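A.B. asks: Structure below; questions to follow.
What follows is calculated from the coordinates using simple rules that are stated; it is not laboratory data. Since the structure is predicted, the reported quantities are computational estimates derived from the model, not experimental observations. Counting neighbours? That spans all protein chains shown, and the Cβs are built from the backbone with ideal geometry, glycine included.
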Amino acid sequence: MTDTSIESLDYFLTTTKQVRRRLDLTRQVPTNVVLECIDLASRAPIGGNLERNRWLLVENADTRQALADIYARFGRGYLEAGREQVESMGNDPTATRVVESSLHLLEHLHEVPLMIIPIRLDRPGTSIFDHATYWGSVTPGVWSLQLALRSRGIGSAWTTLHLQHEQDAAELLGLPASVTQIALLPTAYFTGNNFHPARRKPAQEITYYNRWKEPVPKTP
């Protein structure tokens, strides 16, 4: 890879964020563009190369409204409790911004032009091994989809609040009991293009070497 391609890749990796407030609710997302992104996302690592992941695109206005209602049934109280918790802890600016943007999305979710629901054709097991192999075969693809969308000027947010009422959503969408909804991605073109890298702790602080809590040696 050239220095330019590495720089471009690093840019998208560090600036692909949860887009909630800046989704353009007035502009349709072309299906063919989304299918291009799904083609790319399907190349993400999958355990055993077993293609058990599927994607459901929801554009119908009545269905989007119904999903938004299911989302808010649990989400409103959950996020309001989160707001109260943040306020009680002194209104940390980052936490406040996350809660407020999440509440904004909840209020406007039905207006988002496209919802994408990643699906697995089976159900997760119960052991740590089962969960690691199950989610490890689907979450990389969802993240790849979000990256591909981002590179085309389309924002998304990984949300799961509707899954507190998974069965209601499944019935609405005609999903059989044998499949699993992974998330709900509100998807739309985003406004502006001044996304900055998220603030995170440096790798040296969050990485251990050989054993728990053993620091990584610093290289010259």
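A.B. asks: Between Trp212 and Ser127, take the C-beta separation as r, use R0 = 22 Å, and let me know the FRET efficiency to the nearest 0.05. Present the calculation step by step, with values, prior to reporting the outcome.
C.D. replies: Numbers: r = 22 Å, r/R0 = 1.00.
Rounded to the nearest 0.05, the efficiency is 0.50.
A.B. asks: Given bins 5 angstrom wide, list per bin the percent of all Cα-Cα distances in segment 175-220, short to long.
C.D. replies: 5, 12, 11, 10, 10, 9, 12, 15, 14, 2, 1, 0
A.B. asks: Which number do you get for Rg(Cα) / (2.2 N^0.38 Å) in segment 116-220?
C.D. replies: Working: Rg = 18.5 Å, N = 105, 2.2 N^0.38 = 12.9 Å.
The value comes to 1.43.
A.B. asks: Can you tell me which aspartates and glutamates have their Cα less than 19 Å from the Cα of Lys213? Leave out same-chain residues fewer than eight positions away.
C.D. replies: Here the aspartates and glutamates satisfying the reach criterion relative to Lys213 are Glu205.
A.B. asks: Still on this structure, I have one more. Segment 20-34 to segment 37-92: how many Å between their Cα centroids?
C.D. replies: 16 Å
A.B. asks: Here's a follow-up. Hand me the trypsin sites (Lys or Arg not before Pro) from segment 120-220 located in a DSSP loop with no more than 11 other Cβ atoms within 10 Å, in residue order please. Before the final figure, lay out each step's value.
C.D. replies: On the way: sites: Arg120, Arg150, Arg152, Arg199, Arg200, Arg211, Lys213, Lys218; in loops: Arg152, Arg199, Arg200, Arg211, Lys213, Lys218.
Here the sparse-neighbourhood loop sites are Arg199, Arg200, Arg211, Lys213, Lys218.
A.B. asks: A further question follows. Rounding to the nearest 20 debye, state how big the charge dipole of the chain is about its Cα centre with +1 on each Lys and Arg Cβ and -1 on each Asp and Glu Cβ.
C.D. replies: Computed charge dipole of the chain: roughly 540 debye.
A.B. asks: Loop by DSSP (not H, G, I, E, B), at most 12 other beta-carbon atoms within 10 Å: where is the longest site-free stretch of the chain for chymotrypsin sites (Phe, Trp or Tyr not before Pro)?
C.D. replies: 1-208
A.B. asks: Something else about it: Using a Förster distance of 22 angstrom, determine the FRET efficiency expected from the C-beta separation of Gln167 and Glu59, and round it to 0.05. Present the calculation step by step, with values, prior to reporting the outcome.
C.D. replies: Numbers: r = 23 Å, r/R0 = 1.04.
It comes out at approximately 0.45.
A.B. asks: Can you give me the Cα centroid spacing of segment 97-135 and segment 152-220 in angstrom?
C.D. replies: 8 Å
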